[in-house]
1. For the range 17-30, does any single residue satisfy the condition of being assigned to a helix (DSSP H, G or I), under 24 Å from residue 73 (Cβ atoms) and at pLDDT 90 or above?
2. Here are some residues: 42, 47. Which one is in a loop (DSSP other than H, G, I, E, B) and in contact with a helix residue (DSSP H, G or I) (Cβ under 8 Å, 6 or more places away or on another chain)?
3. Can you find a residue that is at negative phi, modelled with pLDDT of 85 or more, surrounded by 12 or more Cβ atoms within 10 Å (Cβ to Cβ) and out of contact with any strand residue (DSSP E or B) (no Cβ under 8 Å at 6 or more places or on another chain) anywhere in the range 49-60?
4. Can you tell me which of (1) surrounded by fewer than 13 Cβ atoms within 10 Å (Cβ to Cβ); (2) at pLDDT 95 or above is the one residue 80 doesn't meet?
(Lines give C-alpha, C1' and ligand atoms only; values in the text may rest on other atoms or scores of the structure.)
Protein backbone atom coordinates (compact mmCIF):
# COMPACT_ATOMS: atom_id res chain seq x y z
CA UNK A 1 0.00 0.00 0.00
CA UNK A 2 1.36 3.40 -0.98
CA UNK A 3 2.07 5.89 1.75
CA UNK A 4 -0.01 9.03 2.05
CA UNK A 5 2.99 11.13 0.97
CA UNK A 6 3.40 9.08 -2.23
CA UNK A 7 -0.31 9.37 -3.01
CA UNK A 8 -0.17 13.12 -2.47
CA UNK A 9 2.87 13.34 -4.74
CA UNK A 10 1.05 11.49 -7.53
CA UNK A 11 -2.00 13.71 -7.06
CA UNK A 12 0.23 16.77 -7.39
CA UNK A 13 1.89 15.42 -10.55
CA UNK A 14 -1.54 14.76 -12.09
CA UNK A 15 -2.58 18.31 -11.21
CA UNK A 16 0.51 19.76 -12.92
CA UNK A 17 0.06 17.51 -15.97
CA UNK A 18 -3.62 18.40 -16.42
CA UNK A 19 -2.95 21.87 -17.87
CA UNK A 20 -0.37 24.66 -17.81
CA UNK A 21 0.03 25.97 -14.26
CA UNK A 22 1.72 29.18 -13.15
CA UNK A 23 4.13 29.02 -10.23
CA UNK A 24 1.94 31.34 -8.12
CA UNK A 25 -1.10 29.15 -8.78
CA UNK A 26 0.86 26.13 -7.61
CA UNK A 27 1.99 27.87 -4.42
CA UNK A 28 -1.56 28.98 -3.66
CA UNK A 29 -3.19 25.63 -4.37
CA UNK A 30 -0.53 23.39 -2.83
CA UNK A 31 0.86 25.52 -0.02
CA UNK A 32 1.08 23.91 3.39
CA UNK A 33 2.13 25.00 6.84
CA UNK A 34 3.18 21.44 7.60
CA UNK A 35 6.85 20.88 6.72
CA UNK A 36 6.15 17.18 6.19
CA UNK A 37 3.32 17.81 3.74
CA UNK A 38 4.56 20.00 0.93
CA UNK A 39 4.13 18.02 -2.28
CA UNK A 40 5.45 20.73 -4.59
CA UNK A 41 8.68 21.23 -2.63
CA UNK A 42 9.26 17.48 -2.63
CA UNK A 43 8.55 17.31 -6.37
CA UNK A 44 11.08 20.06 -7.08
CA UNK A 45 13.70 18.44 -4.83
CA UNK A 46 13.17 15.08 -6.56
CA UNK A 47 13.40 16.69 -10.05
CA UNK A 48 9.81 15.75 -10.89
CA UNK A 49 8.77 19.30 -11.85
CA UNK A 50 10.66 22.39 -12.97
CA UNK A 51 10.06 26.11 -13.25
CA UNK A 52 9.98 27.28 -16.85
CA UNK A 53 11.19 30.68 -18.06
CA UNK A 54 7.58 31.72 -18.83
CA UNK A 55 6.57 31.34 -15.16
CA UNK A 56 4.86 27.97 -15.54
CA UNK A 57 5.60 24.71 -13.78
CA UNK A 58 5.96 21.55 -15.87
CA UNK A 59 6.70 17.88 -15.37
CA UNK A 60 10.25 16.79 -16.06
CA UNK A 61 10.93 13.51 -17.86
CA UNK A 62 11.42 11.96 -14.43
CA UNK A 63 8.08 13.39 -13.26
CA UNK A 64 6.29 12.02 -16.33
CA UNK A 65 7.88 8.61 -15.74
CA UNK A 66 6.78 8.65 -12.07
CA UNK A 67 3.22 9.55 -13.08
CA UNK A 68 3.15 6.87 -15.78
CA UNK A 69 4.43 4.28 -13.28
CA UNK A 70 1.76 5.29 -10.75
CA UNK A 71 -0.95 4.98 -13.40
CA UNK A 72 0.34 1.54 -14.45
CA UNK A 73 0.43 0.41 -10.80
CA UNK A 74 -3.16 1.61 -10.33
CA UNK A 75 -4.22 -0.56 -13.26
CA UNK A 76 -2.44 -3.58 -11.76
CA UNK A 77 -4.05 -2.93 -8.38
CA UNK A 78 -7.47 -3.06 -9.98
CA UNK A 79 -8.26 0.63 -9.65
CA UNK A 80 -8.54 0.97 -13.42
CA UNK A 81 -10.32 -2.33 -14.01
CA UNK A 82 -8.93 -3.24 -17.44
CA UNK A 83 -11.02 -6.02 -18.94
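1. Residues of the range 17-30 assigned to a helix (DSSP H, G or I): 17-18, 23-30.
Next, only the ones that are under 24 Å from residue 73 (Cβ atoms) stay: 17-18, 30.
From what is left, the residues that are at pLDDT 90 or above are 17-18.
Yes - at least one qualifying residue is present in the range 17-30.
2. Matching residue, one of 42, 47: 47.
3. no
4. (2)
The values are calculated or read from the model by the stated rules, or taken from the named source; none is laboratory data. The model shown is predicted, which means the values in this text are computed figures rather than measured ones. All Cβ positions, glycine included, derive from the backbone under ideal geometry; neighbour counts span all protein chains shown.
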